[in-house]
Amino acid sequence: MTRLFFLLCLLSVIYGCSPLKNANKKFQNGEYNVAIEQFEKLSSNPKYSGEALFKIGESYRLSNRLEEAAEYYKKAYDLGYNKQASSFYYAYSLRHQGEYKKAREEFSSFLASAEEGKFYTMASREMDNLDVIENIITDKTNYFEINNVQSINSKNAEYSPFVNDGKFYFTSTREDGKIYKATGSNFSDIYVAKTDDLNVDGSTSQSVGGFINTYGVNEGTLALSPNGKTIIFARGNSGKRKGTDDVNLYISRYRNNQWTEPSLMNINEKNSWTSSPSFNREGNTLYFASNRKGGFGGTDIWVAHLNRNGRWGKVKNVGPVINTQRNEMFPFVSEDAKLYFASDGHPGLGGLDIFVAERSRGRISIENIGRPVNSTDDDFGWFMIAPNKGFFSSNREGGEGDDDIYSFVNHDPNIKVVNYWLDGVTMTTREDGVKVPLADVKLRLLDDEDNQLDFVDTDEAGQFRFRLDPESEYILFGEKQSYFTTRLLYSTEGRSIRTDTLKEFVTNVYFDTTLVLDKIIVDKAIVLDNIYYDLDKANIREDAARELDKLVAVLSDNPEIKIELSSHTDSRQTDTYNQDLSQRRAQSAVDYIVLAGISSSRIVAKGYGESQLIIPDSEIEQLISEEAKEAAHQKNRRTEFKVIEYDLQEEQEKVELEDLEDRLFREY
């Protein structure tokens, strides 16, 4: 009897614990649909019901089905399980469903009793978001006309539209045939159909082919470069690896009249989710979403640049103005360089909303597009075929099935697009003083905080082009071996045009500039403009300080040079006095430069007194007015610098370091 009782108890422990352990394992592996089924079986058992109900809610939330999660969070909370998380996510689920009043009540109740911490901070932010939502609903005047693209949508998911050359690309779960355990639907593939403007011919829909689509693996958002020669798309979530982080970007190039076998891009990061790629209009910048380390929470939008060797690298987070502690994804760059993206972290109507980011006056502003584009459900995957029309994705009520693709037309009569361009040329000065074009200059466009925005190599005629934002300040930074690296300030402030004066739908505004790079010639004197001194004095005047700051920039930008900074006087004192005065003046300038952060080992002070007059006394004596004579003497009281050492090896090492950085981002 004792043995039988013990065996029954043991079996009870085994069969009581094993199902919970198995359900948690499926949950940890990201097999949310399977986990939901197993937790449902445990939810009626009082011993496990709290955890089971909470994990069902979590499974729905993490598989993007928040509308189904609310009741389970509420039941888990009522049973006292993980009350802070259950309470917060219950309120969050209500907001997602558009029950704003009830959500406010729940968040308010949560904040009244919650302890300081992660959930308290998020609940406070959600309360602020609810205030903004009311403004989005009541204040937004919207001219959008929305239509379901019924010809392409099905009971399955269709999303992430992309249009190129009469072809309509989209992602769908319609045909793969193998079930993805996280969502219970088919694995997703990429399809293509013929399109004319907003009219998509669904009867022509077909898989893009086996070189992209793989059975039993999710293929997601696709991006095609502006020149049509490069495809980048997301692939992953095969279920063979633990978790859901095995989503990466793949690249294929059109060569020899065919597409190459897709290969992993080196901008991916191990054990991270990387997806929703999108090119800028010039094709040299790639935006994408990722949950990699270094972000601000959830998935962030990141950017990668195409380097001079045709490889993608220099990955950078676009920053906390756009990215939040939650999720930002599905970026799209419009013709006028605005960044559209989906987010559930910025104040929105529920789930993912579509936002637009615009840079002006050096600052980024974020705007919710509002109704009817955004709804209480997920709205994402924005794509424009013209400044006033395009497509997006949504799982809102009234669709054909899961995610659907919708078309939009913006009937705003005042909508106008203005593109600002900077066309320029890099030049150098010949020995005879004539300026001529300088080819193959590496140019970088920086904002007023030295953040790199774009880069390009000038062509054989020294020509280049950059896209600019209105009312913004920039720095043009040019470099070429054996030439002084040079920077130029450029501003569009006060130069933008009023859109209400325009008749054309799209207007291009072109600015022009010239950037001069002088050749580095050892022992050639270069006069510094406006480095003047008061009579018999060696202190740095305010106007001289501004010019010395330019020399500080030259030395900072050209670490491979050492210079002699020389000072010269007029002849209105004794040789000994002038020699001493010029040395003090030169040293005063050097001290100023060293104080600005330049190593004293790179700069030598040298006073020449009156030994190298530009205008001899004999010519000055022939001048009639005292003002003219004083101007001539002031011209003699000049400051010059010349390169006394040029470390070609150091510059070569700098070039090699840049090449090494490029190679680190190569695609195999």
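Every read-out reported here was derived from the displayed coordinates using simple, explicitly stated rules and does not represent laboratory data. Not measured: the values here are computed from a predicted model. Neighbour counts are summed over all protein chains in view; Cβ atoms, including those assigned to glycine, are modelled from backbone coordinates with ideal geometry.
A few points about this structure:
- Cα extents for segment 80-159 along the principal axes, largest to smallest and rounded to whole angstrom: 51, 33, 19.
- Between VAL149, SER93, TYR73, the Cα set farthest toward the positive side of the dipole of segment 24-155 (charges on each charged residue's Cβ, about the Cα centre) is that of TYR73.
- All Cα-Cα separations within the chain were binned at 10 Å from zero, giving a P(r) of 3, 12, 19, 20, 15, 11, 9, 6, 3, 1, 0, 0, 0, 0, each value a whole percent of the pairs.
- Three-way shape call for segment 209-351 based on the alpha-carbon gyration tensor, with the a/c threshold at 1.5: oblate
- Three-way shape call for segment 450-548 based on the alpha-carbon gyration tensor, with the a/c threshold at 1.5: oblate
- Where GluC sites (Glu not before Pro) fall in DSSP loop in segment 471-541, at most 12 other Cβ within 10 Å: GLU493, GLU504
- For segment 258-290, chymotrypsin sites (Phe, Trp or Tyr not before Pro) are listed when DSSP marks them as loop and at most 16 other Cβ atoms sit within 10 Å of their Cβ; the list is empty.
- In the chain, the longest principal axis of the Cα atoms and the axis of helix 2-28 are about 40 degrees apart.
- Karplus-derived 3J(HN,Hα), 6.51/-1.76/1.60, for each residue of segment 290-299, Hz, glycine and proline x: 7, 9, 5, 5, x, x, 9, x, x, 9
- Tilt relative to the chain, helix 100-113 - C-alpha long axis, 0 to 90 degrees, to 10: 80
- The base-10 log of I(q)/I(0) for segment 349-397, evaluated at q = 0.21, 0.25, 0.31 Å⁻¹, reads -0.77, -0.95, -1.15 [Debye formula, identical scatterers on Cα atoms, solvent excluded].
- To the nearest ten degrees, helix 648-664 and the longest principal axis of the Cα atoms of the chain are 10 degrees apart.
- Note on ASP557/ARG125: beta-carbon distance plugged into 1/(1 + (r/R0)^6) with R0 of 35 Å gives a FRET efficiency of 0.25.
- Using 0.36 nm per residue and subtracting the Cα-Cα separation, the extra length available between TYR532 and LYS167 on full extension is 124.8 nm.
- In a DSSP loop and with at most 13 other Cβ atoms within 10 Å, the GluC sites (Glu not before Pro) in segment 52-142 are GLU115, GLU116.
- Note that segment 117-177 shows a convex hull volume over its alpha carbon atoms of 202 Å³ per residue.
- Cα gyration tensor shape of segment 190-230, rounded if a/c is under 1.5, else prolate or oblate by comparing a/b with b/c: oblate
- Lysine pairs meeting the criterion (Cα under 26 Å, 8 or more apart or interchain), as found in segment 72-170: 16
- With 5 Å bins from 0: P(r) over segment 324-443, alpha-carbon pairs, percent: 2, 9, 16, 18, 14, 10, 6, 5, 5, 5, 4, 3, 2, 1, 0
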